[in-house]
Amino acid sequence: MTRVVVAGLGDSGLLTAIHLANHVDVVGISAKPALVSGQELGTRLARPDDWARDYLVPFDRYRRLRGVRTVHATLTGLDLAARSVAVRLADGSASAEPYDVLVISTGVSNGFWRRPDLQSAGEIDEALRAPHERLAASGTISVLGGGAAAVSTAANLASTWPDKQVHLYFPGDRPLPRHHPRVWTTVEARLAERGVVLHAGHRAVVPDGFDCDRITDDPVEWSTGQPATTADATVWAIGRVRPNTDWLPPELLDADGFVRVDPDLRLPGLAGLFAIGDVAATDPIRSSARNRADRLLAANIRASLSGRPLKEFKAPRGRWGSVLGVQSNGLEVFATNGKPFRFPAWSIDSVLQPWIVRRGIYGGVRRP
Ligand SMILES: Cc1cc2nc3c(=O)[nH]c(=O)nc-3n(C[C@H](O)[C@H](O)[C@H](O)COP(=O)(O)OP(=O)(O)OC[C@H]3O[C@@H](n4cnc5c(N)ncnc54)[C@H](O)[C@@H]3O)c2cc1C
């Protein structure tokens, strides 16, 4: 039977494995023993138990991963000639996994919440709790960054802890510069209701050698000329993403280190190699994860195996999706034209999560 190795079982790799599981022999390789989603930083920091329920799910709970062999290991190399990937297992030993088809879905590293390190369930739990407890013990919190992760962090911290002073520092005139302007108009009102103090035109100086991978309490200097500021805790969500591609031959990568792909998600000129998610240079904002290219990828892999034509991934022009995550009044999702659609609060646990997400998207998730 054809063997597909999915390298990286995050949001995109997991869904791709699920779609392929009934058709081919699938091996999923992951540095974590669970889906540890890169989504919803604000909820993760403010309400880690709520976040974990939906975004931290051990692989053995996915019904449609039955039959998929998951390997808890770090990918260390790719041998194109031998058609195999090299891995280092949790006990430190090395091994190789041969493939007929390889899916590269190792995502990106970002801040302290998206790391490619090998972690046990206990270490993942500790990495979830520690930042929450650190923030819980802080009176003043600075959040740095102008993207959805920073905005959502400021909003969720302020609503969970109304007695704390939460400041949001961002470099431009307004946050969310890549979203439709209407999105900011709506989100700004939510931040104002929660007393978040906005500081436009602030670009932080990133200290030498600092990877934005921890919460700090040193004064923050500004390259935009303002005097340094202090807070009990500073969250750096400035969008410094790094592709997790150290394990790949450099000829597969573009100048920024992301995996070059054709519109059908194949690596140019390499039979049997595909890439998806934040690691894949599909479009300027590398949106194949949020635009759910996993189904198309699974169909293209099956088409390539049976000699049928492949389809192309087309990214929508604008950003869409949720910015703040689930709030006490429901979940607001913005379309590319900036118009919000709200799932009311009552529908989140009775319709959205059980039926649309767990059943519809993942094909069934067992209770813990
Ligand atoms: C259903 C769904 C809904 C979404 N909704 C939104 C939305 O509303 N708004 C929005 O902005 N975005 C949304 N997104 C997208 C999301 O923000 C990210 O783009 C997505 O998490 C990226 O997924 P990924 O698989 O590329 O990376 P990741 O989820 O980060 O997965 C990469 C995995 O590879 C592992 N890995 C890395 N290196 C190695 C290695 N060397 N060895 C072994 N394992 C390794 C990592 O540990 C990780 O588990 C959504 C995505 C999905 C699937």
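Annotation: SER350 fulfils all but one of (1) open to solvent by less than 70 Å² (accessible area, probe 1.4 Å); (2) in contact (Cβ under 8 Å) with a residue 12 or more places away in the chain; the unmet one is (2). Within the stretch 85-129, the set of residues being small (Gly, Ala, Ser) and open to solvent by less than 20 Å² (accessible area, probe 1.4 Å) comprises SER105, GLY107, SER109, GLY111. When ILE356 is tested against (1) within 13 Å of the ligand (Cβ to nearest atom); (2) buried (at least 18 other Cβ atoms within 10 Å of the Cβ), exactly one condition is not met: (2). Somewhere in the stretch 43-54, is a residue at pLDDT 95 or above, of a type outside the set (D, E, K, R) and more than 27 Å from ALA148 (Cβ to Cβ)? So far as the stretch 43-54 goes, no, none of its residues is at pLDDT 95 or above, of a type outside the set (D, E, K, R) and more than 27 Å from ALA148 (Cβ to Cβ). Remark: pairs (first residue in the stretch 193-208, in the same structural domain as ALA154 (by TED's automatic domain parsing); second residue outside any loop (DSSP other than H, G, I, E, B) and among the hydroxyl-bearing types (Ser, Thr, Tyr); Cβ separation under 7 Å; 6+ apart in sequence or on different chains) = ARG194/SER159; HIS199/TYR169; HIS202/TYR169; ALA204/TYR169. Residue-level check: of (1) open to solvent by less than 30 Å² (accessible area, probe 1.4 Å); (2) out of contact with any Lys or Arg (no Cβ under 9 Å at 6 or more places or on another chain); (3) in a loop (DSSP other than H, G, I, E, B), LEU176 misses just (2).
When the stretch 274-291 is limited to residues that are farther than 15 Å from GLY38 by Cα and not in a loop (DSSP other than H, G, I, E, B), the one that is nearest to the ligand (Cβ to nearest atom) turns out to be ALA280.
Meeting the requirement of 3 or more residues that are within 11 Å of the ligand (Cβ to nearest atom) and more than 27 Å from TRP222 (Cα to Cα), the strands (runs of 3 or more DSSP E) wholly within the stretch 82-167 are 84-89. In the stretch 235-273, the qualifying residues are those that are of a type in the set (D, E, K, R) and not in a loop (DSSP other than H, G, I, E, B), and the one that is farthest from the chain's Cα centre (by Cα) is GLU251.
Within the stretch 4-11, is even one residue assigned to a helix (DSSP H, G or I) and within 20 Å of the chain's Cα centre (by Cα)? Within the stretch 4-11, one or more residues are assigned to a helix (DSSP H, G or I) and within 20 Å of the chain's Cα centre (by Cα).
Name every residue in the stretch 214-233 that is of a type outside the set (A, V, I, L, M) and open to solvent by less than 60 Å² (accessible area, probe 1.4 Å), in order of residue number. Of everything in the stretch 214-233, those that are of a type outside the set (A, V, I, L, M) and open to solvent by less than 60 Å² (accessible area, probe 1.4 Å) turn out to be THR216, TRP222, GLN226, THR229. Contact map, the stretch 313-339: first residue more than 25 Å from ARG194 (Cα to Cα), second residue within 9 Å of the ligand (Cβ to nearest atom) and open to solvent by less than 60 Å² (accessible area, probe 1.4 Å), Cβ cut-off under 7 Å, separation 6 or more or different chains; pairs are PHE313/SER288; ALA315/SER287; ALA315/ASN291; PRO316/ASN291; THR336/ARG319. Total residues in the stretch 259-283 satisfying the condition of being touching a Pro at 6+ places or on another chain (Cβ under 8 Å) and surrounded by fewer than 21 Cβ atoms within 10 Å (Cβ to Cβ): the figure is 2. For the residues ARG302, ARG358, the requirement of being charged (D, E, K, R), assigned to a helix (DSSP H, G or I) and in contact with a His (Cβ under 9 Å, 6 or more places away or on another chain) singles out ARG302. Scanning the stretch 303-344 for residues that are more than 11 Å from the ligand (Cβ to nearest atom) and open to solvent by 90 Å² or more (accessible area, probe 1.4 Å) returns ARG308, PRO309, LYS311, GLU312, LYS314, ARG317, SER328, LYS339, PHE341.
Residues in the stretch 237-249 that are modelled with pLDDT of 95 or more, more than 10 Å from the ligand (Cβ to nearest atom) and open to solvent by 100 Å² or more (accessible area, probe 1.4 Å): ARG242 only. Yes or no: the stretch 195-209 includes at least one residue that is buried (at least 16 other Cβ atoms within 10 Å of the Cβ), in a loop (DSSP other than H, G, I, E, B) and modelled with pLDDT under 95. Checking the stretch 195-209: not a single residue is buried (at least 16 other Cβ atoms within 10 Å of the Cβ), in a loop (DSSP other than H, G, I, E, B) and modelled with pLDDT under 95.
The values are calculated or read from the model by the stated rules, or taken from the named source; none is laboratory data. All values reported here derive from a predicted model rather than from experimental measurement. All Cβ positions, even for glycine, are placed from backbone atoms using ideal geometry, and neighbour counts span all protein chains on display. Side chains are part of the model used for accessible areas, which takes the heavy atoms of the whole protein and leaves out ligands, DNA and RNA. Shrake-Rupley method; radii C 1.70, N 1.55, O 1.52, S 1.80 Å.
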